[in-house]
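What follows draws every value from the coordinates through simple rules; no lab data is involved. Worth saying up front: this structure is predicted, and the values here are computed from it rather than measured. Cβ: placed from backbone, ideal geometry, glycine included. Neighbour counts: every protein chain shown.
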């Protein structure tokens, strides 16, 4: 059985991917991704990453750019020089100094029916 913090997939900065990504465990993206991301695991978004996606994960650690709504069942961490353009929702949100965040933030436990009602920010 794999450790939940073990790296399961890694998209390097020269990688471009389009579609739906679902995974268990830990995935890091440093490249470009367009589509949808759904997981019960942890997503790490590196400094060189550019993601255009609605995201629903347990935990997310952001240092790159995301354009889309983010729902985390446990925690959202945005570290400089991270950029998020979209709404975020999680019980715990950490936004470091130097981050760019344009959207609404809701800090509460995710209601499974509520996550379908968040509007997309363009």
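Across the alpha-carbon set of the chain, the Rg to Rh ratio works out to 0.93, Rh being the Kirkwood radius.
List the residues of the stretch 76-90 whose backbone N lies under 15 Å from a point placed 7 Å from the Cα of residue 13 along the Cα-to-Cβ direction. Residues 81-82 qualify, since their backbone N sits under 15 Å from the label point. Ordering 85-91, 19-25, 61-67 by mean Cβ neighbour count within 10 Å, with the highest value first, yields 61-67, 85-91, 19-25.
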